Structure formats: C-alpha cells, structure tokens
Amino acid sequence: MPLDQIKTLYVMSPFRTESAGSIMYRCAKCAKLQQVPKSCGNRHCLICQGGKAKDWLEGQGSRLLPCACFMITFTGTESDAMEQHVFQLLI
Ligand SMILES: [Zn+2]
C-alpha cells in the first residue's frame, strides 16, 4: 500500500470510535437525544464525504447533454505520451 494511503488511514482511524468522543443532538420537536460519533471530515472518508459526493454527482448529471454518454476517469503517473496514447484508444 502506498505511503500516502497509509497516512490517510492513520489520520482517519481514531474517528467514529469511543476514543474520539461523540456529539449529542436533541430534536427540536420531540426532544429526543441522539448520540453521534465524531467524524474525521477527511475528503477520502466515504462516511463523512459520501453526501457531498452524491450531491456533486447529481449536480454533474444535470449538466449532461440529452444523449447517451459516459465518463471515464483515470489517473496515471506516466508521461503525456501515455495520456495521448490512452486518448487515442478511446476515440
Ligand atoms: Zn470520516
């Protein structure tokens, strides 16, 4: 596993556990209490950022042309020549 992924997991690991603590919410209507574990807020965390990702995806969907289309995302560490090669394969 790459070092940056290990660092990210290390930063997120204490959250949503008893050691990180929790937040107590009270419903304004019924006064019911709900205890929620503290979140990490890390951009890589699916729990913390899942709602934002869903909102972003729905926002992008409203910008699509009214035709069949698809999106491919890839990340490479190779040169621009490799990127151009991949684009040629896709066309
Ligand atoms: Zn999180």
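Each value in this text was obtained by applying a stated rule to the coordinates, not by laboratory testing. For clarity, every value in this text was computed on a predicted model and none was experimentally measured. All Cβ positions, glycine included, derive from the backbone under ideal geometry; neighbour counts span all protein chains shown.
Mind checking the angle between helix 3-12 and the chain's longest principal axis? C-alpha axes, 0 to 90 degrees, to the nearest 10. Around 20 degrees separate the two axes.
Please say if the chain is rounded, prolate or oblate, where rounded means a/c under 1.5 for a ≥ b ≥ c the square roots of the C-alpha gyration tensor eigenvalues, and otherwise the choice is prolate for a/b larger than b/c and oblate otherwise?
Details: a/c = 6.43, a/b = 1.66, b/c = 3.87.
Judged from the Cα gyration tensor, the chain comes out oblate (a/c at least 1.5, b/c at or above a/b).
Between the range 44-91 and the range 14-31, the alpha-carbon centres lie 35 Å apart. Between the residues Gln60, Gly41, Leu90, the greatest Cα displacement towards the positive end of the dipole of the chain, with unit charges on the Cβ of Lys, Arg, Asp and Glu, is found for Gly41.
Treating only the Cβ atoms of Lys and Arg (+1) and Asp and Glu (-1) as charged, compute the dipole magnitude of the chain about its Cα centre; round to the nearest 20 debye. Don't jump to the answer; show the numbers that get you there.
Working: 10 positive and 7 negative charges, 172 e Å.
For the chain, the charge dipole is close to 820 debye.
Full extension of the chain between Leu46 and Ala68 yields a length gain of 5.1 nm, computed as 0.36 nm times the residue separation minus the alpha carbon distance.
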